[in-house]
1. What about B:E296, is it away from chain A (no Cβ under 14 Å) and of a type in the set (D, E, K, R)?
2. Here is a list: A:P161, A:P190. Which entry is within 16 Å of the chain's Cα centre (by Cα) and either closer than 30 Å to B:I261 by Cα or more than 13 Å from every other protein chain (Cβ to nearest Cβ) (or both)?
3. Count, please, the residues in the range B:130-181 that happen to be charged (D, E, K, R) and under 15 Å from B:R203 (Cα atoms).
4. For the range A:318-330, name all the residues that are surrounded by 12 or more Cβ atoms within 10 Å (Cβ to Cβ) and part of a strand (DSSP E or B).
5. Can you find even one residue in the range B:213-224 that is free of Cβ contacts under 8 Å to residues at least 60 places away in the same chain, touching a Ser or Thr at 6+ places or on another chain (Cβ under 8 Å) and more than 25 Å from A:K261 (Cβ to Cβ)?
6. Can you tell me which of (1) out of contact with any Asp or Glu (no Cβ under 7 Å at 6 or more places or on another chain); (2) under 23 Å from B:E304 (Cα atoms) is the one B:N27 doesn't meet?
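The values are calculated or read from the model by the stated rules, or taken from the named source; none is laboratory data. Only a predicted model underlies this, so the values are computations on that prediction, with no experimental measurement involved. As a convention, Cβ positions derive from the backbone with ideal geometry for all residues, glycine included, and neighbour counts pool all protein chains shown.
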Amino acid sequence: MISTKPLVKVEGLQKFFPLSGGLFSESRSAIHAVDCIDFVIPLGESLGLVGESGSGKTTTGKLLVRLIDPTDGHIYMEVEGGDVDIAHLRGKDLKKFRRNVQMIFQDPYESLNPRRTVFDTIAEPLEVQGVGNVIERERRVAQLLDMVGLSPPETFLFRFPHELSGGQRQRVAIARALIIEPTFVVADEPTSMLDVSIRTGVMNLMHELADRLGVTYLYITHDLAVARYMVDRLAVMYLGKIVEMGDMEEVLHHPLHPYTKALISAVPVPDPTFERALPDIIGSIAKPIDPKPRCRFYDRCPIREKICEGSDHPTLEDKGAKHYVACYLV
Amino acid sequence: MEDKILQAEDLTMHYTTRAGEVSAVDNITFSVGKGESLGLVGESGCGKTSVAITILRLLPENAEIMGGRVLLDSTDLIKLSAEQMRKVRWRRISMIFQAAMNALNPVYKVGDQIIEALETHLAYMSIQESRERVEELFSLVGLDPQLMDQYPHEYSGGMRQRAVIAMALSCHPDLIIADEPTTALDVIVQDNLLREMMALQDRLGMSMIYISHDIAVIAEVSERIGVMYAGRLAELADSAEIFHHPIHPYTFGLMSAFPSIVGPKRELAMLPGEPPDLIDPPPGCRFHPRCPYSTEICIEQVPEFKDHGGGHLAACWHPLEASG
């Protein structure tokens, strides 16, 4: 399944949200939610995006499916056989691109329209894209319901979201995302609202469908333990920057960036006899409003030196075996 | 008997809803020792928060305590009048709620809200004494005392939760019930706060009941752990014991489904089905429809919550091999 062909290639992607500057004055400050990030997702090699709230991971996800427009940068994806920069697509081209890319949201209580039946919800992308007639759509929806474990499909087709449990709703959301056979799916905390016993089922389902339908995920989560089970590679974000990226197990066992190290040691372990190290980090996360031209992690870094303050944020460098880190001191 | 601060015995509580009676807490028995931390873990709707609000008698109108006792020292809290109960809350038992944003009033300064709690419960304090006490509390939970004259929206999530902890500590309670105290927080903030709470507990000699859906958090903060399922306690034991030798198949299933970043990557097991509707719970053992070991007796009779050796309690007809 794993190939070297890139499915998504992101270059210098930026999203700034200007802060309101009052009624007549132009805004001077901006939140640098995503600040010049680069990464590649090869076909079949799901990437996990982790970081604290406010690190820019959800904004990155929304940019990749073009729910919001980037301030600058490029996003290359394959659309109908050709490599296209989808960062600034409009109109018909944007609609065409949306056949390849879908998103699954965190909260299945909010992402489903309460007035639409399961069938309406799942069939909507087919309708929008003008695929098939009603009979074909119904057959396809039934197939998908079966695939996401909501069977027999007839008993679910005409139910409303309030008649479903949280786990079942998220399965409907997954079916909706997959019905037009996208190659790339951005999943934003898809299991964080679900209970443990339900969560594992949804995680296993997403794995199974990825293999079966050839889907590659960008999996956004705050939970490193969940990421470990869902992705092949991991990118760690901090204040709009990717600070470390590499093979999931490699990053977990041999983290290089001081922030990644702190993040990993802060994860509680489900074993009362395990002694966890104290996370080595100072203070708490700030908002990336007009950040100073220095390492974004400078304020909280336990190993900071002069160079980290004197130079702009370091670039991501390959430290071998595609393990990238952005730090002057590593 | 003497080393127990709180004992819940056969506690049963129902909610009345339009759809019917919800059996939210069913025959729960447990105790908390002096200075001990007990964890209650379970999935949403298993009744863990209901247990907490039953103990504190902070029940909504449609809830009714059907039976059982809650002994604080030797006083049965269920029998106290509303006025007597008010004196128990904060001074003897206080609570840290899940959403810190909702626990603080947005239009009052944080310090003033704690002062209000102090004045209500410890009426003899002067304003000056109260302010000093708040300063002391702020330092205790790692907040800059100067922040007491700021409003909740000026605080970050972690700071708000610290303020709520300061408030819970204000009247020197013997027991604090913390319901999902770190659930909405980022891991680094969570780690920080949990370490602080454990240190405070040690220092002040309080007892704690931690309530969470997060097994990993419960594992780290609790000396003993109770696993709840569908309104009942499935299992209760020392935390190392419950993690390394679970007896109840539900506990085992929960542990096997929980991912960890430590140790080799293993397959996550899946529990079939979903927790039951408590308006019409399954007869016998409430876990039987999802249990791989279920037999006739599990459907017919409720298993007794009993000791399987060394204080390891469980309610199961087919216990997994217990340790010696």
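1. Taking the combined requirement at face value, the residue satisfies it.
2. A:P190
3. 2
4. Hits for the range A:318-330 are A:Y324, A:V325.
5. Within the range B:213-224, none of the residues are free of Cβ contacts under 8 Å to residues at least 60 places away in the same chain, touching a Ser or Thr at 6+ places or on another chain (Cβ under 8 Å) and more than 25 Å from A:K261 (Cβ to Cβ).
6. The failed condition is (1).
Per-residue answers, yes or no, for (1) modelled with pLDDT under 95; (2) closer than 24 Å to B:V189 by Cβ; (3) crowded, with 23+ Cβ neighbours inside 10 Å:
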| position | (1), (2), (3) |
| --- | --- |
| A:S165 | yes, no, no |
| A:S192 | yes, yes, no |
| A:I198 | yes, no, yes |
| A:I242 | no, yes, yes |
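Table: residues versus (1) within 14 Å of chain B (Cβ to nearest Cβ); (2) not in a loop (DSSP other than H, G, I, E, B).
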site: A:G246; (1), (2): no, yes
site: A:E275; (1), (2): yes, no
site: A:S284; (1), (2): yes, no
site: A:P291; (1), (2): no, no
site: A:R304; (1), (2): no, no
